[in-house]
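*Asks:* Quick one: the structure is below, and I'll ask about it shortly.
The values are calculated or read from the model by the stated rules, or taken from the named source; none is laboratory data. What you are looking at is a predicted structure, and each value in this text was computed from that prediction instead of being measured. Note that we place each Cβ from the backbone using ideal geometry, even for glycine, and neighbour counts take in every protein chain shown.
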Amino acid sequence: MEQPDAKNVELSREIGELKEKRRAVILAHFYQRPEVQDVADFVGDSLQLAQQAAATDAEVIVFCGVYFMAESAKILSPDKTVLLPELEAGCPLADMAAAEAVRARKEEMPGCTVVTYVNSSAAVKAESDIVCTSSNALKVISSLPEDKPILFVPDGNLGNYVSRMTGRTLTLWDGYCHVHNRLTSEEIKAARAEHPGAPVVVHPECRPEVIDLADHVASTGGMLKYVRNSQASSFIIGTEQGMLYPLRKACPDKNFYPAARHMLCPNMKLTTLEKVKWALVDMEPRIEVDPEIRLKARRALARMLELS
Ligand code: 13P
Ligand code: SF4
């Protein structure tokens, strides 16, 4: 593992002091830069981060991730100050569903249950009956009554995967994650040829034909659990490349190969240690959510958390 550089060591020290002063907790997603993951109090997948945000007794949450994650933290912990060190860190998948469009679709499907992937805006969550993440989507869909149609928003690949696994018919939104959707079955076959015997582990945001070639399909947190428990010594990882860092950290004796070198989420890399430090100094940028939207979105998020 690479040695941290002196500048990062100094920034991490300053962040540690500021964190105490502000009574803050730093939450980071697995796709964040290694040095940002290292300064965090908790690193996890979307569900684990939402659970942490709901449970923390810190006064300030510094969210090292993308906008929808910090927004979910604010919805779940409205009395806390939620800081997103880089306000421009969005999720293009979340932007593929607008609240008005979801409302219009609901009108075409009277009585439907709207299940919304956590990668979505607060306004879209507010239009939903229940939220899911990639780690609990199967559980969420299986918990729903069979006699009502289900609208699944916004990730079509995740919806397709969940539909095939549960045998439930879902009406899918045609959104996708550009990072995962770009991974092809040819690239999986090439990676297998290069690393024979290594299990292929992919995220459910991948295309169906990629999922069909995988040995295991899981959220980022699920991937970590799988490789820890597996007897295999090498793995091909089909998700954003930031995930390689926590996998290698958790299992230093195992080998992890990216399924494709292009799997990078630029938004996840916008957060730097400098920005984390300045967020704690300035107590900005703060995430706020309209109170009416917040209450409705909270209901859908809370229903998911009760199941998890
Ligand atoms: P996880 O919930 O698996 O961490 O996924 C988050 C995400 O943004 C995937 O692209
Ligand atoms: Fe959004 Fe995809 Fe980036 Fe995850 S990897 S934050 S789904 S764009």
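*Asks:* Any chance segment 160-168 includes a residue that's part of a helix (DSSP H, G or I), within 15 Å of ligand 1 (Cβ to nearest atom), in contact (Cβ under 8 Å) with a residue 24 or more places away in the chain and surrounded by fewer than 22 Cβ atoms within 10 Å (Cβ to Cβ)?
*Replies:* From segment 160-168, those part of a helix (DSSP H, G or I) are 160-166; that's our starting set.
Restricting the remaining residues to those that are within 15 Å of ligand 1 (Cβ to nearest atom) gives 161-162.
Of the ones still in play, those that are also in contact (Cβ under 8 Å) with a residue 24 or more places away in the chain are 161-162.
Checking the rest, the ones that are also surrounded by fewer than 22 Cβ atoms within 10 Å (Cβ to Cβ) come to none.
Checking segment 160-168: not a single residue is part of a helix (DSSP H, G or I), within 15 Å of ligand 1 (Cβ to nearest atom), in contact (Cβ under 8 Å) with a residue 24 or more places away in the chain and surrounded by fewer than 22 Cβ atoms within 10 Å (Cβ to Cβ).
*Asks:* Considering only segment 33-91, state which residues are among the hydroxyl-bearing types (Ser, Thr, Tyr) and surrounded by 24 or more Cβ atoms within 10 Å (Cβ to Cβ).
*Replies:* Of the residues in segment 33-91, the ones among the hydroxyl-bearing types (Ser, Thr, Tyr) are 46, 56, 67, 72, 77, 81.
Of everything in segment 33-91, those that are among the hydroxyl-bearing types (Ser, Thr, Tyr) and surrounded by 24 or more Cβ atoms within 10 Å (Cβ to Cβ) turn out to be SER46, SER72.
*Asks:* Moving on. Checking PRO266 against (1) touching a helix residue (DSSP H, G or I) at 6+ places or on another chain (Cβ under 8 Å); (2) within 30 Å of GLY16 (Cα to Cα); (3) free of Cβ contacts under 8 Å to residues at least 24 places away in the same chain: exactly one of these is not met. Which one?
*Replies:* Of everything listed in (1) touching a helix residue (DSSP H, G or I) at 6+ places or on another chain (Cβ under 8 Å); (2) within 30 Å of GLY16 (Cα to Cα); (3) free of Cβ contacts under 8 Å to residues at least 24 places away in the same chain, PRO266 misses just condition (1).
*Asks:* Now, a different point. In segment 79-97, what count of residues is obtained for those that are closer than 26 Å to HIS180 by Cβ and either assigned to a helix (DSSP H, G or I) or aliphatic (A, V, I, L, M) (or both)? Quick ask: steps written out before the conclusion?
*Replies:* Let us first name the residues in segment 79-97 that are closer than 26 Å to HIS180 by Cβ, namely 84-97.
In the following step, the residues that additionally are either assigned to a helix (DSSP H, G or I) or aliphatic (A, V, I, L, M) (or both) were identified as 84, 87, 89, 93-97.
Final tally of qualifying residues: 8.
*Asks:* ASP155 is checked against (1) more than 18 Å from LEU301 (Cβ to Cβ); (2) within 16 Å of ligand 1 (Cβ to nearest atom) and fails just one. What number does that condition carry?
*Replies:* Of the numbered conditions (1) more than 18 Å from LEU301 (Cβ to Cβ); (2) within 16 Å of ligand 1 (Cβ to nearest atom), the odd one out for ASP155 is (1).
*Asks:* Taking GLU284 and the conditions (1) loosely packed, with under 14 Cβ neighbours inside 10 Å; (2) over 20 Å from GLY65 (Cα atoms), which numbered condition does it fall short on, given that it satisfies the others?
*Replies:* Condition not satisfied by GLU284: (2).
*Asks:* Okay, moving on. Mind checking which residues of segment 98-129 are in a loop (DSSP other than H, G, I, E, B), touching a Ser or Thr at 6+ places or on another chain (Cβ under 6 Å) and within 16 Å of ligand 2 (Cβ to nearest atom)?
*Replies:* Going residue by residue through segment 98-129, those that are in a loop (DSSP other than H, G, I, E, B) are 98, 109-112, 118-121, 127-129.
Then keep just the ones that are touching a Ser or Thr at 6+ places or on another chain (Cβ under 6 Å); that gives 118, 128-129.
If the condition is that a residue be in a loop (DSSP other than H, G, I, E, B), touching a Ser or Thr at 6+ places or on another chain (Cβ under 6 Å) and within 16 Å of ligand 2 (Cβ to nearest atom), then VAL118 is the only one that fits.
*Asks:* If ALA70 satisfies every condition in (1) touching a helix residue (DSSP H, G or I) at 6+ places or on another chain (Cβ under 7 Å); (2) within 15 Å of ligand 1 (Cβ to nearest atom); (3) small (Gly, Ala, Ser) but one, which is the exception?
*Replies:* Just one mismatch for ALA70, condition (1).
*Asks:* Related question: What about ILE75, is it hydrophobic (A, V, I, L, M, F, W, C), more than 25 Å from HIS216 (Cα to Cα) and in contact with a Leu (Cβ under 7 Å, 6 or more places away or on another chain)? Please lay out each step first, then the result.
*Replies:* Working: hydrophobic (A, V, I, L, M, F, W, C): yes; more than 25 Å from HIS216 (Cα to Cα): yes; in contact with a Leu (Cβ under 7 Å, 6 or more places away or on another chain): yes.
Answer is yes for this residue.
*Asks:* Going by the structure shown, is LEU93 over 28 Å from ILE237 (Cβ atoms) and either touching a residue at least 24 places away in the same chain (Cβ under 8 Å) or in contact with a Lys or Arg (Cβ under 9 Å, 6 or more places away or on another chain) (or both)?
*Replies:* Numbers: over 28 Å from ILE237 (Cβ atoms): no; either touching a residue at least 24 places away in the same chain (Cβ under 8 Å) or in contact with a Lys or Arg (Cβ under 9 Å, 6 or more places away or on another chain) (or both): yes.
Criteria not met by LEU93.
*Asks:* Tally time: how many residues in segment 217-253 are away from ligand 1 (no atom under 14 Å from the Cβ), touching a residue at least 12 places away in the same chain (Cβ under 8 Å) and part of a loop (DSSP other than H, G, I, E, B)?
*Replies:* 6
*Asks:* Can I ask one more? If I ask for residues that are more than 18 Å from VAL202 (Cα to Cα), surrounded by fewer than 18 Cβ atoms within 10 Å (Cβ to Cβ) and more than 12 Å from ligand 2 (Cβ to nearest atom), which ones from segment 257-274 would you list?
*Replies:* GLU274, the sole residue that qualifies.
*Asks:* Taking the conditions exactly as written (within 24 Å of GLN37 (Cβ to Cβ), at pLDDT 95 or above, touching a strand residue (DSSP E or B) at 6+ places or on another chain (Cβ under 9 Å) and not in a helix (DSSP H, G or I)), does GLU288 satisfy them or not? Reasoning before the result, please.
*Replies:* Numbers: within 24 Å of GLN37 (Cβ to Cβ): no; at pLDDT 95 or above: yes; touching a strand residue (DSSP E or B) at 6+ places or on another chain (Cβ under 9 Å): yes; not in a helix (DSSP H, G or I): yes.
Considered against the rule, which asks whether it is within 24 Å of GLN37 (Cβ to Cβ), at pLDDT 95 or above, touching a strand residue (DSSP E or B) at 6+ places or on another chain (Cβ under 9 Å) and not in a helix (DSSP H, G or I), GLU288 comes out as no.
*Asks:* Considering ALA214, ALA190, ALA198, which residue is more than 16 Å from ligand 1 (Cβ to nearest atom) and in a loop (DSSP other than H, G, I, E, B)?
*Replies:* Working: ALA214 fails: more than 16 Å from ligand 1 (Cβ to nearest atom); ALA190 fails: in a loop (DSSP other than H, G, I, E, B).
Only one candidate passes the filter, namely ALA198.
*Asks:* Farther than 18 Å from VAL162 by Cβ and either free of Cβ contacts under 8 Å to residues at least 12 places away in the same chain or surrounded by fewer than 16 Cβ atoms within 10 Å (Cβ to Cβ) (or both), is that true of ALA279?
*Replies:* On the way: farther than 18 Å from VAL162 by Cβ: yes; either free of Cβ contacts under 8 Å to residues at least 12 places away in the same chain or surrounded by fewer than 16 Cβ atoms within 10 Å (Cβ to Cβ) (or both): no.
For ALA279, the condition - farther than 18 Å from VAL162 by Cβ and either free of Cβ contacts under 8 Å to residues at least 12 places away in the same chain or surrounded by fewer than 16 Cβ atoms within 10 Å (Cβ to Cβ) (or both) - is not met.
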